[in-house]
Structures are given as structure tokens and as C-alpha cells.
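Inspection log for the structure reproduced underneath, given as C-alpha cells.
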Amino acid sequence: MGNWPCDGDRHRGIIVQSKAGVTPPYARGSQKTTLHYDAYKFTHPPNSRQDAMYQHLLVPVEDTDASIEAIGHATEFAQAIGARITFLHVSPVSRAVTGAPSAEADERADEWLARAEAGARAQGVPCARVVVAGDEPFGTLLAQARRHGCDLVCTGASLPDTNAPAASAGLPDGVRPAVLSCGTDQRLAVASSIGSILSAHRALADTLHEWLDTIRAAREQGASPSAATMREFVGRLRGLPARGVKAKEKVALFRRLRKRTSRVSAELAELERLHQRDEELLLELARVIGEGSHCAATADDVERAVSAYARFVWEWMGREQGVILPAARRYLSYADWTGIDGTFNSADPAGRAATNH
């Protein structure tokens with residue numbers, strides 16, 4: 001599949017293909033303290049496509065750590081070979097007879113897909129999104145890959161039945177896409193640090209969804225949302241560790257990553273700008289709500305403002321998940337990760353526990 005550019009003696013790429021699978025070269029200084037894992041493994045390689053250069057990737061999107069890691073791998077891979085991506089979310093079939101995804105599931109799917117697209121855009125990878133309902137995830141993946149003309153499916157390690165013969169039944173080798181299974185980085189300090197970051201992201205997302213649900217519930221009852229409740233949500237958001245580049249955990253990761261490589265310097269600078277803008281948007285939301293007993297704006301205006309802020313959050317969150325975390329896995333040594341994890345563990349226990357799911 002070709003070699004990726006190098007940064008000094010560090011491989012920018014994370015795959016080395018062999019018959020036994022594909023394993024990642026690790027950053028300098030990490031080999032002796034690393035648990036090696038198969039970053040990529042072909043589980044359904046069509047005979048005539050094993051060495052082909054792929055053009056269109058289908059990447060399933062879920063809100064699991066394994067899925068987020070696989071999305072990062074797939075996006076880097078697509079960027080390296082000049083491919084495009086269709087991000088797919090398979091929503092469980094609604095209990096309704098229509099078979100359509102539920103409204104709540106659809107809103108969550110929109111968040112997860114928006115994050116995946118943000119990471120792809122930041123790396124210059126053309127992308128699109130698809131949401132379908134289905135109860136057989138892998139069979140649905142193959143069907144959608146065929147429908148959208150995808151020649152490679154990139155899955156996370158948590159996706160079931162990737163080796164099940166029934167999953168690809170009825171699809172001859174000539175039309176069946178190859179399947180690339182992305183492994184998970186199980187190095188303890190890495191998994192712990194990134195797990196804490198993703199948990200903080202989820203706590204922020206959950207708060208935003210709760211805020212929007214509160215506004216809609218009040219409107220359905222013919223009432224305006226309580227200004228005090230709206231101000232409480234602003235205060236809760238300000239206290240969450242996922243927000244703000246000044247959080248010492250992010251400072252530790254960003255600082256070490258800058259020392260190890262210059263490849264993501266522009267993205268780190270952009271994230272700093274986005275986090276500064278995040279604080280400005282929260283201040284604007286507080287002004288929309290006002291200081292009185294009733295909101296200064298209508299319920300519709302408040303909902304639009306919160307929805308716009310949520311979309312902004314999905315943008316920087318997706319860039320952190322899709323650009324910064326994959327780069328950190330590749331360039332940081334295990335000693336770096338041990339130091340970062342120590343910074344996380346030294347955080348206020350109450351605040352840390354609040355973000356862990």
C-alpha cells in the first residue's frame with residue numbers, strides 16, 4: 001500500500017502489511033515498554049484486490065473507544081492514499097413499525113457523525129455520511145458498501161461477526177469489499193489517558209443533550225425554560241474538564257506532542273483558537289439567557305443558540321479525536337504517556353470521577 005512520509009526516524013504511517021496481519025511501528029523509545037497490537041488486519045481480502053490502492057472507504061461510526069480509534073486509523077489511511085470516506089452509522093431498528101431510527105438515536109448519531117467528519121475535514125479527506133436502521137451490523141455494512149461503491153470497509157475491533165461467513169453470504173469475491181479490522185492500543189498508560197479524555201468528551205456531550213432536552217420539554221408543555229435552569233447549564237459546562245486548552249491534562253498532551261513532531265503544530269494552534277472561541281460562545285449564551293427570572297430570549301432562540309454551540313463543540317471534539325489522538329498514539333513514547341497519565345491521576349479525584357463512565 002505504499003510507504004507514508006517520515007518525520008526524521010519516525011514513521012508517520014502506522015501500518016506494515018504482511019500475510020500475518022499489519023502491525024504499527026512505534027515511536028522511538030517506546031518499543032521496550034509497548035504491548036504490540038495489530039493495528040490493521042484484513043479479514044475478508046478479495047483475491048484480486050489484496051494489493052490494490054483503495055479509493056472509497058466505508059467506516060462505521062459508534063460512540064465507543066474502539067470505534068473512535070478505528071475512525072482515526074481509517075482517516076489517516078485515507079489521507080495517505082488519497083481515498084474518500086463514507087461514514088456509516090447503523091442505528092438499531094426502532095420499536096415502531098416504520099423501522100426508522102428513533103429521534104433520540106438520530107440526534108446522537110448526528111453528533112457522532114459530525115465528530116468523524118470534522119476529523120476527516122481537518123486532514124483534507126473528502127467524506128459523506130449515511131444513517132441506516134438495522135439489527136445486523138456487519139451484514140448492513142457490507143450491503144451499504146456495495147450500495148455506495150466502497151471498496152474497503154474499515155471496522156473497529158469491537159464490531160462483532162467480522163469473520164462470520166453468513167455476514168458476506170450472497171456476495172461473490174468480485175463484488176465483496178475488503179474488510180480492514182483496526183485493533184486497539186492496549187498499552188496501559190495510553191488506554192488510561194485517552195480513556196479519560198474520551199470520558200470527558202462524553203460528559204460534555206451528555207450535558208449539551210440534556211440542556212437541549214430540557215428546553216424542548218418546557219416548550220412541549222407550553223412553557224418557557226427557566227432562566228435559572230439555563231444559567232445552571234452554563235455553569236456546569238464551564239466546570240467540565242473537556243473544555244478549554246488551559247486544562248492541565250490537555251496542556252500536558254499538547255506540550256509533549258509539540259516536542260515530538262511538528263506535523264500537527266497547525267492543528268494544535270487551530271484547536272487553541274477554537275477553545276478560545278468556545279469560551280466566547282458560552283459568554284454569548286449567558287447574554288442570550290440574561291440575568292432576570294425569565295429568559296431574555298424566546299425558547300426557540302435559546303434552542304437555536306444551544307444547538308449552534310453544540311455543533312461547534314462537535315467540531316473541535318472531532319478534531320481532537322480524529323487528528324490529535326491518533327498523532328499522539330504514533331509520536332509519543334511510552335514515557336510520555338506515563339507522564340500524561342500521571343497528570344490525569346493527579347487531577348482532583350472528584351472532578352475525575354465525574355467524567356469517567
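Consider the range 82-97 and keep the residues that are modelled with pLDDT under 90 and more than 19 Å from the chain's Cα centre (by Cα). The one that is surrounded by the fewest Cβ atoms within 10 Å (Cβ to Cβ) is VAL97.
Output the residues belonging to the range 172-195 that are among the polar types (S, T, N, Q) and modelled with pLDDT under 90.
We begin by selecting, within the range 172-195, every residue among the polar types (S, T, N, Q); these are 181, 184, 186, 192-193.
Selection gives SER181, THR184, GLN186.
Across the range 190-216, the number of residues qualifying as over 24 Å from GLU279 (Cα atoms) and crowded, with 20+ Cβ neighbours inside 10 Å comes to 2.
State yes or no: is TRP337 modelled with pLDDT of 90 or more, touching a helix residue (DSSP H, G or I) at 6+ places or on another chain (Cβ under 7 Å) and under 22 Å from LEU113 (Cβ atoms)?
Details: modelled with pLDDT of 90 or more: yes; touching a helix residue (DSSP H, G or I) at 6+ places or on another chain (Cβ under 7 Å): yes; under 22 Å from LEU113 (Cβ atoms): no.
No; evaluated as a whole, the condition is false for this residue.
Annotation for the range 198-206: no member residue is over 20 Å from LEU325 (Cβ atoms) and out of contact with any Phe, Trp or Tyr (no Cβ under 6 Å at 6 or more places or on another chain).
Selection within the range 216-253: residues that are under 22 Å from the mean Cα position of the chain (by Cα), of a type in the set (A, V, I, L, M) and part of a helix (DSSP H, G or I). The member of this set that is farthest from ILE197 (Cα to Cα) is LEU237.
Is it true that some residue in the range 260-281 is part of a loop (DSSP other than H, G, I, E, B), in contact with a His (Cβ under 9 Å, 6 or more places away or on another chain) and either in the same structural domain as PRO326 (by TED's automatic domain parsing) or within 27 Å of ALA189 (Cα to Cα) (or both)? If you could, list the steps in order and put the result at the bottom.
Taking the range 260-281 first, the residues part of a loop (DSSP other than H, G, I, E, B) are 261-264.
Pick out the ones that are also in contact with a His (Cβ under 9 Å, 6 or more places away or on another chain) and you get none.
No, the range 260-281 contains no residue that is part of a loop (DSSP other than H, G, I, E, B), in contact with a His (Cβ under 9 Å, 6 or more places away or on another chain) and either in the same structural domain as PRO326 (by TED's automatic domain parsing) or within 27 Å of ALA189 (Cα to Cα) (or both).
Taking each residue of the range 278-302 that is closer than 23 Å to ARG243 by Cβ and looking for partners that are assigned to a helix (DSSP H, G or I) and of a type in the set (Asp, Glu) with beta-carbon atoms closer than 9 Å, six or more apart or interchain, yields VAL288/ASP301; CYS295/ASP301. Exactly one residue out of ARG352, ARG329, ARG311 is part of a helix (DSSP H, G or I), surrounded by fewer than 19 Cβ atoms within 10 Å (Cβ to Cβ) and at pLDDT 85 or above, and it is ARG311. Just a yes or no: is a residue in the range 105-118 surrounded by fewer than 19 Cβ atoms within 10 Å (Cβ to Cβ) and modelled with pLDDT under 75? Scanning the range 105-118 turns up at least one residue that is surrounded by fewer than 19 Cβ atoms within 10 Å (Cβ to Cβ) and modelled with pLDDT under 75. Residues that are in contact (Cβ under 8 Å) with a residue 24 or more places away in the chain and among the charged types (D, E, K, R) were ranked within the range 261-277; the one that is farthest from ALA242 (Cα to Cα) is ARG263.
The values are calculated or read from the model by the stated rules, or taken from the named source; none is laboratory data. These numbers were taken from a predicted model, which means no experiment stands behind them. Heads up, the Cβs are rebuilt from the backbone with ideal geometry, glycines too, and the neighbour counts pull from every protein chain shown.
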